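Below is one structure, written out as structure tokens; the observations come after it.
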Amino acid sequence: MKLTVWTYEGPPHVGAMRVATGMTGLHYVLHAPQGDTYADLLFTMIERRDHRPPVTFTTFQARDLGADTAHLFKDACQRAYDRFQPEAIIVGASCTAELIQDDPGGMAETMGLPVPTIPLELPSYQRKENFGADETFFQIVRTLARPAERTAQITANLIGPTGLGFRHRDDIAEVTALLSDMGISVNAVAPMTSSPSDIARLGAAHFNVLMYPETAETAARWMERELGLPYSKVVPIGVGATRDFVAEVADLAGVAPYLDDSRLRLPWYSKSVDSTYLTGKRVFLFGDGTHVKAAARIARDEMGFEVVGLGCYNREMARDIRAVAKGFGVAPLITDDYLEVERTIEELSPEMILGTQMERHIGKRLGIPCAVISAPVHVQDFPARYSPQMGIEGANVIFDTWVHPLVMGLEEHLLTMFREDFEFHDAAGPSHHGGKAAPRVEDVDGGPAPQTPREYLEPEEAADLVPASTVSVIWLPAAEKELKKIPFFVRGKARRNTETFAAERGVSEISVDTLYEAKAHYAR
Amino acid sequence: MTELPRLAETGGCRNTPILKQRGQHQVFCGLTGIIWLHRKMQDAFFLVVGSRTCAHLLQSAAGVMIFAEPRFGTAILEETDLAGLADAQEELDRVVAELLSRRPDIRQLFLVGSCPSEVIKIDLQRAAERLSETHAPHVRILNFSGSGIETTFTQGEDACLASMVPVLPQTEARELLLVGALPDVVEEQAVSLLEQMGIGPIRVLPAPRADSDLAVGKNTVFVLTQPFLGDTHAALERRGARHLPAPFPFGEEGTTAWLRVIAEEFGVDAETFDRVTAAPRARARKAVSQASEALRGKSVFFFPDSQLEIPLARFLTRECGMEAIEVGAPFIHKGVVGPDLDLLAEGPTLAEGQDVDLQLDRCRAARPDLTVCGLGLANPLEAEGLATKWAIELVFTPVHFYEQAGDLAGLFSRPVRRADLLKVEAAE
Ligand code: SF4
Ligand code: SF4
């Protein structure tokens, strides 16, 4: 048993639902109790879909358990076929049905339905949502895709987009445009937008663009092996990655690389003087492996941030993320434990978080700005406007998204200058965000005791990257007061630097002098 | 001003035949109740013993509304638990100890059963008894089922409250017990109205904290504030308490009828009753008549969800001038909603249980002006041009008693008004 408060990923059958809901002409018969139908609302409410997901739940109850849940399953399957007339059916079990061992796959097979029925084995007690999506798409491809004659024109499949995906809708448009600029058209986008018959002719493309390794890597490898379709490895999120992607695709397709960057604004926006204030901002990254990997490169090379930590929640990507972390000289955090992520952020006290909706809440609690770069998704991650992450426009969108939560350049200086002003104080928050400015709470002498002693508990992996330190340091009241005069968006850094500085020197009490010595030491 | 509620002119619905279908249900399981219960009981923690699905349901149903340190969590079963490699009872001891050491403020812990824990037969009752011994007197540990194979949506609250009844202390006092988890503001209004009539002492189940003076006995009379509390009702009767059947306190009429049942039991004279209720009644009538303008003459169709459907249909048809086409409820417990059925005019189809596809067919054919349904169905129906009201809001929003009667009507009229307001289609 593992105590869990919030989860980054749903169970694997939710991954299967994402595949089914993205597709057309496919139906999913899911052996599951009634409460599991909650998953419909992910699609109809969060993604604002105007149709119910193509899923029939058997909704068995306790009284059925002794009797005949198998019959219930067959009934549901037959009725789903009669009503929806799908081209293919996928069948599977949720966590509860897995325990009663009815074997939906076997039962569906004996029914002799006139369309392919594809059984899914999704171990609910070991794996999670991304695995469910990847495995489901793989099984569908493996069952339906056949070797086919290549299209006369050069074409590619875009694989990986699903229902409820983080910006998948807009990434498809962006990647389609990148390819089209090189004279490559799209054979199929799958699973999103494809029907089973579209899946059948995936083999007609010249290569695959693997947009999201999380949901389509297994299918990509299978198609490479069985259908002779090579696939792209670079995910075009960010300026550098987009350029690399163009080169890789040109190579796969045997055409000249071409990128129309006339509407690309990120490089100039990042160079323009207003962005100087972004220099060396300490950021922490967390999300799914693919988005974190891309974001790390953007953060360092395209925004000029300092990456102080990164990690992902999907273990399938652990190896990639460890490699990236090594390159950045930081400790990788591979976990799906929300509390552990929160603890790490608290310890690192970054100036900004690039994370998921969960980290947005951690940020709110800790007073650290956060921009969202990855699933799990929330209704806000389906904006009405065109808002891709990939390609040229994706880079522009990312620049805006990441800068938005921050206090802007000049405002930062003004806040420093007027930090004693009762209205313009730092806790008032960025001026371009809504909400009423909170009045400053005056410090009264004998007010709350300084938060001491503070213990350093670094994660084990960090041991060789960060100087080990188990010394408790105490902030003297005057130093604590001085620290409060430092604007809030650098206060975390100042606190941490000073404590590290003190600990390294075996100083156990921090005075105002220690604070300024540390400041001088870290000046850059 | 003491007129009794008119009975439905055509005779009520108590004996109307009920349409029962068995097919796919589109409802939450009882775990969902934890979302509001954990806010109500401020020293309680709800530990679901279940799967990743259960954790994901709680998170999705809660949205991100309550990210602030929730007082619920899931002990997710893993391979080792299923393969019998880990002893479930020992595992529970470990998880509970971990939890209680992290949250020393917790005084009541509910172990909540789920489908997986019930299918593999983890004995939570035994666990609760054993753990109670370990952690007494600081923490009281109880168990109930919120599983989807045993409970539907609001039945989770019922199961939770029912689990508390057997451990309530015994009392000989003649007391009034209000049963149901209501938002504090609403609860205070009810208590205040009753106290003004001289009724007391008044207790409420669930109490906000474990160490309350809540007790029960054969001189307790109780009245339900929510229609889904059938098991709690039975548990209280087993303790000798007596139920006062009443229409539920939705709208001016429902609130008055509910109060009157209690007033009569406690011998409150008509004059006192009128003096206490006259002003809020007048306010409620006015508010409802304003808020329900957009609803008059419109039709409504209920999908089964919270068991509030019958009392709400009574309110919408009698106080807001709507016509009910179908009133679906997951369960129809006549001992509880009988008085509401008496007041609901014959006409609508009454349906218990669900085959969602067939019910959607009926709804599309009827094209009601307003459909009350769950979150999974709302947007798809809107896309077909049907105005909808999500049922879950009815259990999250203060809607009971006089001062909220106008808000309750407003919850239904807003989607109807909105449909009229928006001019976003291309010109034909
Ligand atoms: S229906 Fe059962 S398995 Fe599904 S969320 Fe509810 S308790 Fe968990
Ligand atoms: S105002 Fe900006 S930074 Fe703050 S929560 Fe909204 S989007 Fe995020």
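The values are calculated or read from the model by the stated rules, or taken from the named source; none is laboratory data. Values in this document were obtained by computation on a predicted structure and should not be read as measured data. Glycine also receives a Cβ, built like all others from the backbone with ideal geometry; neighbour counts cover every protein chain displayed. Ligands, DNA and RNA are excluded from the accessible area calculation, which covers all protein heavy atoms including side chains. Shrake-Rupley method; radii C 1.70, N 1.55, O 1.52, S 1.80 Å.
Given the residues A:MET17, A:MET45, which is the only one that is under 23 Å from B:ALA391 (Cβ atoms), modelled with pLDDT of 95 or more and not in a strand (DSSP E or B)?
Matching residue, one of A:MET17, A:MET45: A:MET17.
Restricting attention to the stretch B:162-170, does a residue exist that is within 14 Å of chain A (Cβ to nearest Cβ) and either at pLDDT 95 or above or closer than 16 Å to B:MET41 by Cα (or both)?
Checked against the condition, which is being within 14 Å of chain A (Cβ to nearest Cβ) and either at pLDDT 95 or above or closer than 16 Å to B:MET41 by Cα (or both), the stretch B:162-170 yields no hits at all.
Yes or no: B:GLY328 open to solvent by less than 10 Å² (accessible area, probe 1.4 Å) and under 16 Å from B:SER299 (Cα atoms)?
yes
Restricting to the stretch A:334-388, count the residues that are more than 26 Å from A:LEU42 (Cα to Cα) and either more than 14 Å from ligand 2 (Cβ to nearest atom) or in contact with a Cys (Cβ under 8 Å, 6 or more places away or on another chain) (or both).
So the count comes out to 9.
Select from the stretch A:141-167 the residues that are open to solvent by 10 Å² or more (accessible area, probe 1.4 Å) and touching a Phe, Trp or Tyr at 6+ places or on another chain (Cβ under 8 Å) and write down the one among them that is farthest from A:VAL379 (Cα to Cα).
A:ARG142
Filter the stretch A:84-105 down to the residues that are over 16 Å from A:THR136 (Cα atoms), in a loop (DSSP other than H, G, I, E, B) and open to solvent by less than 20 Å² (accessible area, probe 1.4 Å) and list them by number.
A:PRO86
Assess whether A:ALA108 counts as being buried (at least 21 other Cβ atoms within 10 Å of the Cβ), at pLDDT 95 or above and either away from chain B (no Cβ under 13 Å) or part of a helix (DSSP H, G or I) (or both).
No.
If you take the residues of the stretch A:496-517 that are modelled with pLDDT of 85 or more and under 24 Å from A:THR344 (Cβ atoms), which of them is most open to solvent (accessible area, probe 1.4 Å)?
This residue is A:GLU504.
Find all pairs meeting these conditions: Cβ atoms under 6 angstrom apart; at least six residues apart or on different chains; first residue within the stretch B:136-159 and open to solvent by 40 Å² or more (accessible area, probe 1.4 Å); second residue more than 10 Å from ligand 1 (Cβ to nearest atom).
Going by the 6 Å Cβ cut-off, the qualifying pairs are B:ARG140/B:GLN108; B:ARG140/B:ALA210; B:ASN143/B:LEU111; B:ASN143/B:LEU124; B:ASN143/B:GLN125; B:ASN143/B:ALA128; B:GLU150/A:ALA62.
Based on what the data block shows, is B:VAL48 assigned to a loop (DSSP other than H, G, I, E, B) and within 16 Å of ligand 1 (Cβ to nearest atom)?
No, not satisfied.
Please find, among A:ASP36, A:ASP64, A:ASP75, A:ASP40, the residue that is within 11 Å of chain B (Cβ to nearest Cβ), in a helix (DSSP H, G or I), of a type in the set (Asp, Glu) and open to solvent by 60 Å² or more (accessible area, probe 1.4 Å).
A:ASP75
Does the stretch B:113-127 include one or more residues that are at pLDDT 95 or above, within 16 Å of ligand 1 (Cβ to nearest atom) and under 17 Å from the mean Cα position of the chain (by Cα)?
Within the stretch B:113-127, none of the residues are at pLDDT 95 or above, within 16 Å of ligand 1 (Cβ to nearest atom) and under 17 Å from the mean Cα position of the chain (by Cα).
Go through B:SER306, B:SER289, B:SER299 for me and flag whichever is without any contact (Cβ under 8 Å) to a residue 24 or more places away in the chain and surrounded by 15 or more Cβ atoms within 10 Å (Cβ to Cβ).
B:SER289
Residue check, A:TYR81 against (1) under 19 Å from A:THR215 (Cα atoms); (2) buried (at least 16 other Cβ atoms within 10 Å of the Cβ); (3) away from chain B (no Cβ under 11 Å), all met but one. Which one?
Every condition holds for A:TYR81 apart from (1).
Anything in the stretch B:128-166 that is over 26 Å from the mean Cα position of the chain (by Cα) and basic (Lys, Arg)? List them, or say none.
Across the stretch B:128-166, the qualifying residue is only B:ARG130.
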